[in-house]
Amino acid sequence: MAGALRARPMFFAWGRGASWWGATDVVNKTFAGSPERITLDHAPVASLTLRNGESAQVYQSPADYTYDNNTGVVTRVNGGAISAGSTVQAQVVYGTTPLSASDTGLVSEVGRRQAASVEFVNPDPNGTISTPGGNRWTVSVTPTRYLYVQVLFDYLEAQTETIREVGIFVDGTRKAGVPEGQLYLTPEEVDQPGYLLLLDRFAGIARSPSSRQGFSYVLVI
């Protein structure tokens, strides 16, 4: 299977994701209901600090409030320092939308580039190839179940974007008239995106025309 995939065209697609991924926000929210709750604007939540908007007192969790980082729902604790019906200042750092087995593409793709290298590799703590998570690998001359896929985007590609997601696609096709030798495609130049093999999301990488951005992953087949 790894050999069959290696023989097919692979593309790295990158995208904007959602603008709130990894963002820090400060909002005022008023507790209401029974039990008294507030709901943050997005979820998941990476971290949260609640303050009294007038005195700047910092409330403590779980003594004064509890929150569900997966839903963004914050619940006031009876007997805590937060008075009933209070308006609080929430300083929140958002996470990224969790990956799902049902994902078939990026949230907001801005372009894709043909993979520069697709190689068989083996795990090797002393290997010269490294991938996210600190794993290291060595190229194998014989087929293995591990495919190392690497790309290096060019300077002017997505030069003003903030990149928050990247995916690896196989069997994508370009629209009629787009030259076969063109390595970078915008969404308007893609006919069929192909099958999503890997998806990664992160807080955000601000692009610059003075730098190139590379990605590398190992697909375990």
Next on the checklist: In the range 188-219, whose amide N lies under 14 Å from the spot 7 Å out along Cα-to-Cβ of R8? List them in ranges.
Outcome noted: 192-198
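At 1.4 Å probe size, with the rest of the protein present, what percent of the exposed accessible area of the range 95-208 is carbon and sulfur atoms? The partial results should precede the final answer.
Values: 3100 of 6050 Å².
It is 51 percent, rounded to a whole number.
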Checklist outcome for this item: With a ≥ b ≥ c from the Cα gyration tensor eigenvalues, square-rooted, and the rule rounded for a/c under 1.5, otherwise prolate when a/b > b/c and oblate otherwise, the range 101-201 is prolate
Next on the checklist: Suppose the chain between S210 and Q192 were pulled fully straight at 0.36 nm per residue; how much longer would it get relative to their current alpha carbon spacing?
Outcome noted: 3.4 nm
Item to check | A32-T162 FRET efficiency (beta carbon distance; Förster radius 30 Å; 0.05 resolution) | outcome: 0.30
Checklist entry - Which residue, Y184, Y94, Y155, has the most motion in a Gaussian network model of the chain that connects Cα atoms within less than 10 Å? => result Y155
Checklist entry - Put a dot 7 Å past each Cα toward the Cβ at N70 and D41; how far apart are the dots in nm? => result 2.5
Next on the checklist: Just to verify a number: FRET efficiency for A203 and D171, C-beta to C-beta distance, R0 = 30 Å, to 0.05?
Outcome noted: 0.50
Checklist outcome for this item: Honestly the range 28-119 on the Cα gyration tensor test (a ≥ b ≥ c root eigenvalues; a/c under 1.5 rounded, otherwise a/b vs b/c for prolate or oblate) is just prolate
Checklist entry - Over the Cα atoms of the chain, what is the Rg over Rh ratio if Rh follows Kirkwood? => result 1.12
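The values are calculated or read from the model by the stated rules, or taken from the named source; none is laboratory data. Just so it is clear, the model here is predicted, and its values are computed rather than measured. Please note: Cβ atoms are built from the backbone with ideal geometry, for glycine as well, and neighbour counts cover all protein chains shown. Side chains are part of the model used for accessible areas, which takes the heavy atoms of the whole protein and leaves out ligands, DNA and RNA. Shrake-Rupley method; radii C 1.70, N 1.55, O 1.52, S 1.80 Å.
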